[in-house]
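Read the figures in this text as sums done on the coordinates, not as results from a lab. Remember, it's a predicted structure, so these values are computed and weren't measured experimentally. With ideal geometry, Cβ positions are generated from the backbone for all residues, glycine too; neighbour counts draw on all protein chains shown.
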């Protein structure tokens, strides 16, 4: 699929595209769209960044990991808070996505950030029953 450089007039249009077609994100990058200037870190209507959305979407770990790395490479900030003060790390911990957690930590995600309930990603993993992931977060 070819994407025209001027296909997006605003960051919200880009986010809508990413939200609806995240698997085609690489095609978007390859087309030469200046993602940073369109707001790769801009929050959508529900208050979450594209990185947070990818962390919670129900796709295979391999697909989610690819999407996470593409967003990080494009300049997504792993420490931005979204809805309820959660970061992408909180979100990945809530749904038990260890590979995403590792990628986020490798990209500089801070594991000590607290959400609006005062919980870190470690707390959320533990509360969600992901004991091994909580242990992994504690070791990093």
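Tabulated values for the structure
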item	result
Pairwise label distance in nanometres, residue 46 with residue 132, each label 7 Å out on the Cα-Cβ vector	2.8
Rounded if a/c under 1.5, otherwise prolate or oblate - the range 64-140, Cα gyration tensor axes	oblate
For 51, 84, 105, 137, order by how many other beta-carbon atoms lie within 10 Å, fewest first	84, 105, 137, 51
Calculated FRET efficiency for the pair residue 139/residue 83, C-beta based, R₀ 30 Å, to 0.05	0.60
In range of the label at residue 106: residues from the range 41-78 whose backbone nitrogen is under 19 Å from the point 7 Å along Cα→Cβ	51-52, 54-56, 60-78
